[in-house]
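Working notes, structure below.
The values are calculated or read from the model by the stated rules, or taken from the named source; none is laboratory data. Everything numeric in this text was worked out from a predicted model, so none of it was measured. For neighbour counting, all protein chains shown are included, and Cβ atoms are generated from backbone atoms with ideal geometry for every residue, glycine included.
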C-alpha cells in the first residue's frame with residue numbers, strides 16, 4: 001500500500017497540475033468500475049499512472065473516457081478535468097468496503113454513521129456532562145471503544161474529541177477509514193466489535209427478526225383498532241345516510257362543480273362519546289379573486305340530535321375531485337341549473353347592451369349582453385379580462401371588429 005499510504009499522509013500536498021502528467025489511455029471498463037463504486041485501493045495500486053494528492057481529493061492522471069457519473073456515496077465525488085484526468089474526493093475511495101464496515105457496526109452496536117460531503121465515519125457519543133468530574137468519569141469508557149483499534153488494518157484515524165451542545169459537553173469516539181484493502185475488511189469489523197464475524201452476523205440477524213416481529217405486531221394492532229372502529233361506525237353511517245337523503249343531499253360521481261355547490265365532509269369519529277364531527281363546504285369566492293372550497297358551517301352531531309343532523313361523507317366514501325367535477329355528498333339545486341340553461345335562450349339582447357371600443361393596440365367588447373354570447377366571442381379568439389379600466393370585457397385584435405359587428409347584428 002505504498003502509494004495509498006503516501007496519499008493519506010496529512011502533509012506534503014502536491015501542487016496543482018494543469019498539464020496531464022500521463023498519456024496512457026485508460027480503458028472504458030476501468031472508468032465504469034470507478035463510476036459504479038468509486039476508486040478502490042486495488043485500482044490505485046495497479047493503474048500505473050501518476051496520482052496527485054490535494055487537501056480534499058486526489059487526481060488520477062491519464063487519458064480517461066468521458067465521465068458520465070459524478071455522484072458516488074450520495075455526494076458529487078467524481079470530477080473530470082479539461083485535460084481528461086479524473087478527480088476523486090476521499091469519500092469515494094473504497095466506498096463499498098466502508099459501507100460494509102460502517103453498516104455492520106451500526107446494526108450490531110450503538111455506532112452511528114456520519115456522512116457529509118467531506119466526512120464519512122462512524123461515531124458514538126457519551127452522556128452530556130458539565131463538570132470536570134463527569135468528564136474524568138466518562139473518559140475511560142469512551143477510550144475503551146477506540147484504544148484497541150488495530151491501525152495496521154487500514155489507513156485512517158480513530159480517537160476521541162469533545163464537543164459542546166447548548167452549554168453542555170459531550171465526548172465523541174470516532175473511527176474514520178480512508179482506505180483499506182479488501183482482505184482487511186472482515187478483520188477490521190471483528191477488531192472494532194471485539195467478536196468473530198459469525199457471531200456478529202448472528203446478533204444482527206436476531207435483531208432484524210425482533211424488529212420484524214415488532215412491526216408485524218404493530219400492524220396487527222392497527223388493523224384490529226381500525227376494524228373495531230369501523231364496527232362502531234356502522235350504526236352511525238346507516239342512520240346518517242337516511243338523514244342525508246331527507247336533507248336533499250345525494251352521493252354523486254363526477255358531479256359538475258359550480259358556484260354555490262355544497263359539499264359535506266366527515267371530520268372525526270369520537271368512539272368514547274359515540275359522536276361524529278361534520279362540516280359543510282361551499283364552492284365560491286370569499287375575500288379572494290380565486291374560487292375555492294370554503295367552510296360555511298361546523299357542527300358536532302350525536303345520536304340524540306339526529307333530527308337536526310348535518311349530512312356527511314361516510315368514512316368509506318371519501319370525496320374526490322378534479323378542476324371541474326367532484327364525487328361526494330353534494331346538494332345540487334337541479335331546478336336552478338335548468339332555469340339557467342333556459343334563461344340563455346330567452347334573454348333578449350338589445351344592441352345597446354354590447355359596446356365596442358378601442359383599447360391600447362386592440363379593441364374591447366363590453367356590456368351585459370356579452371354574457372349570453374360568450375361562447376361565440378371565445379370562438380372568434382377573444383380573451384376575457386375581468387380587471388380592465390372600463391370594466392369586464394373581451395379583448396380582440398382590431399381586424400376582428402367586422403366579424404364582431406356581424407355577430408351582434410345577427411343577434
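The residues of the range 373-403 that are under 13 Å from residue 354 (Cβ atoms) and buried (at least 19 other Cβ atoms within 10 Å of the Cβ), listed by number, are 373, 377, 382, 393, 394, 396.
In summary, residue 241 fulfils each of the numbered conditions (1) in contact with a strand residue (DSSP E or B) (Cβ under 6 Å, 6 or more places away or on another chain); (2) surrounded by 15 or more Cβ atoms within 10 Å (Cβ to Cβ); (3) at pLDDT 70 or above with the single exception of condition (1). In the range 35-91, the residue that is surrounded by the fewest Cβ atoms within 10 Å (Cβ to Cβ) out of those that are touching a residue at least 40 places away in the same chain (Cβ under 8 Å), at positive phi and more than 32 Å from the chain's Cα centre (by Cα) is 84. Within the range 250-284, the residues that satisfy the criterion of being touching a strand residue (DSSP E or B) at 6+ places or on another chain (Cβ under 8 Å), modelled with pLDDT under 75 and part of a loop (DSSP other than H, G, I, E, B) are 273, 274.
Here are 223, 236: which of them is on the phi < 0 side of the Ramachandran plot, in contact with a strand residue (DSSP E or B) (Cβ under 9 Å, 6 or more places away or on another chain) and either surrounded by 11 or more Cβ atoms within 10 Å (Cβ to Cβ) or modelled with pLDDT of 75 or more (or both)? Before the answer, list the steps.
Numbers: 223 fails: in contact with a strand residue (DSSP E or B) (Cβ under 9 Å, 6 or more places away or on another chain).
Result: 236 is the single residue among 223, 236 that is on the phi < 0 side of the Ramachandran plot, in contact with a strand residue (DSSP E or B) (Cβ under 9 Å, 6 or more places away or on another chain) and either surrounded by 11 or more Cβ atoms within 10 Å (Cβ to Cβ) or modelled with pLDDT of 75 or more (or both).
Looking across the range 51-72, just one residue is touching a strand residue (DSSP E or B) at 6+ places or on another chain (Cβ under 8 Å), more than 15 Å from residue 34 (Cα to Cα) and in a loop (DSSP other than H, G, I, E, B), and that is 56.
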